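Read-outs: derived from the displayed coordinates by stated rules, not from any lab. Predicted model, so just to flag it, every value in this text is computed and none were measured. Every residue, glycine as well, gets a Cβ built from its backbone with ideal geometry; the counts of neighbours run over all protein chains shown.
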Amino acid sequence: MRKPKTVNRRVFLTGAGAAIGASALSRTALSYRRIPGANDRISLGHIGVGRRGTGLAGIAAQLKNRNVEMTAVCDLWKVNREAAAARAEAAYGRAPRAFQYMEDLLALKDVDAVLVSTADFQHATHLEAVVEAGKDAYCEKPMANDLAEAKAARDAVLRSDRIVQVGTQHRSEPYQIAARDFIQSGALGEVSKVEIVWNYHGPRWRGREEVAQLREQDTDWRRWLLSKPYRPFDPRMYFEFRLYKDFSSGIADQWMSHGIDLVHYFLDDEFPKSVMASGGVFAWKDGRENPDTFQALLEYPKGFLVSYATSFGNDADSFSRIMGKAATLVNIGGEGSPRWKWVEERGTHESDPNVKRAERYVTLPGDDRIPPTSISDDDLSHMTNWIECLRSRKQPNATVRHGFTHSVACIMAARAYREGRKLHWDARTESILDHPAETAT
């Protein structure tokens with residue numbers, strides 16, 4: 001078997017690694033710099049160009065009138081790599097440079113910013129490498145699912161002057177921004193509970209057709225594993241990694257990350273005080289290790305409780321409810337829905353026979369928007385915000401700090417489920433404990 005290619009990151013970043021293919025790369029780089037207006041052009045690279053990566057690349061291509069171009073793509077799997085290069089050529093009129101290993105892409109001097117859309121467990125490691133190579137980044141969520149890796153990626157970004165957007169795109173959607181403004185106005189009164197229920201009927205993340213197409217010689221299995229213990233090549237784990245606990249927490253990583261990030265955004269609270277979780281494989285007994293039914297309870301320092309629940313065994317109505325003493329703001333539908341309903345609480349006593357609840361739909365900016373129904377329909381606002389920040393050097397809507405906070409909440413929920421116990425966050429030491437953190441005196 002071919003020995004996996006490895007490059008010491010510290011050596012690579014100091015210049016020795018840049019010698020890989022230096023002559024050919026420099027000649028190609030020069031051809032890009034000769035383009036009229038190249039000083040204003042943003043040259044993009046992309047690491048991990050599978051299904052989600054294809055969606056992100058499509059969004060970026062819709063913004064090419066903002067003088068951006070995908071000039072380099074990277075994927076361990078030959079099929080993904082070649083398909084991504086072909087799509088970029090069709091979108092921009094010329095082929096990008098294509099690489100199997102990200103070190104080769106990061107060595108390109110003319111690449112300004114890099115999209116990272118690899119597997120869940122790879123995000124933080126790849127984000128750290130991109131930033132340490134001096135590139136700006138767009139990193140898919142979850143930003144991390146390992147606490148040590150989350151800290152390392154965050155710290156690398158904060159040490160730098162790089163612009164990093166995390167892929168929790170709802171922070172950029174006009175209807176979610178309007179909902180936050182409405183909540184922040186005090187219309188709900190003191191919020192005591194948030195309920196999020198997002199359901200789906202089907203064996204989510206199982207049945208990828210790429211499983212039958214993948215051959216070990218067309219990728220680098222050892223490299224894909226990164227720091228995970230070696231195991232025999234398994235194409236199911238490679239493409240259906242969200243079902244396996246070593247690589248993802250599944251629902252927490254993919255769905256709760258969006259839901260809890262919106263809670264942080266709406267209510268201006270960052271880290272849960274404590275988390276409990278339960279669930280199991282109740283609907284789809286197909287060999288998956290991560291639950292298809294999951295519920296978490298998170299308590300926050302400001303004094304409210306968040307209940308997050310997902311079932312893949314039933315498509316019952318999805319909703320989110322933000323419950324205050326004065327009113328409730330209800331989001332009708334699942335992730336990304338623009339439909340909001342305001343329910344006013346009238347009366348202050350349960351013994352009052354005249355208590356009634358007044359309901360009305362709230363007209364928020366963006367209510368006429370169609371929510372995303374697939375990856376290709378994603379709103380352009382989040383990518384647009386990132387591109388604008390690459391030029392202005394202002395912080396984007398979903399910073400690395402926001403990515404760190406949603407990562408902590410999801411990591412705690414996944415661990416609480418797996419360990420069957422309540423976990424606590426110590427903000428002072430940034431650690432997860434099995435007992436309440438001591439209050440500083």
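Computed values, structure above
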read-out: Distance (nanometres) between label positions extended 7 Å along Cα→Cβ at Thr429 and Arg159; value: 2.4 nm
read-out: Cα-projected label distance for Ala326 with Asp234, points at 7 Å along beta-carbon direction, nm; value: 5.3 nm
read-out: Peptides 215-227, 139-151 ordered by average Cβ neighbours within 10 Å, highest first; value: 139-151, 215-227
read-out: All Cα pairs of region 220-298, percent lying beyond 15 Å; value: 65 percent
read-out: Of Val194, Ile177, Ala150, farthest towards positive along the dipole that unit charges on Lys, Arg, Asp, Glu beta carbons give region 136-232; value: Ala150
read-out: Segments 327-337, 310-320 sorted - mean Cβ within 10 Å per residue, highest first; value: 327-337, 310-320
read-out: Low-density loop positions, chymotrypsin sites (Phe, Trp or Tyr not before Pro), region 250-305 - DSSP coil, at most 15 other Cβ in 10 Å; value: Phe282
read-out: Under the Karplus curve 6.51 cos²θ - 1.76 cosθ + 1.60, θ = phi - 60°, whole-Hz ³J(HN,Hα) for region 170-186, x wherever Gly or Pro sits; value: 5, 5, 9, 7, x, 6, 6, 4, 5, 5, 4, 4, 5, 5, 5, 6, x
read-out: Sequence-distant residues sharing a close amide H with Ser248 (under 5 Å, placed H); value: none
read-out: Arg180-Lys394 pseudo-label distance in nm [points 7 Å out on the Cα-to-Cβ vector]; value: 1.3 nm
read-out: Stretch gain in nm, segment Lys78-Lys302, where the contour uses 0.36 nm per residue and the Cα spacing is subtracted; value: 75.7 nm
read-out: FRET efficiency, 1/(1 + (r/R0)^6) with R0 45 Å, evaluated for Asp317 and Ser227 via beta carbons; value: 0.65
read-out: Dipole magnitude of region 36-166, debye to nearest 20 (Cβ charges: Lys/Arg +1, Asp/Glu -1, about Cα centre); value: 380 debye
read-out: Alpha-carbon Rg with Dmax, taken over region 34-185, Å; value: 16.0, 52
read-out: Vicinal HN-Hα couplings computed from phi for region 204-209 (Karplus, 6.51 cos²θ - 1.76 cosθ + 1.60; Hz; Gly/Pro x); value: 3, 6, 9, x, 6, 5
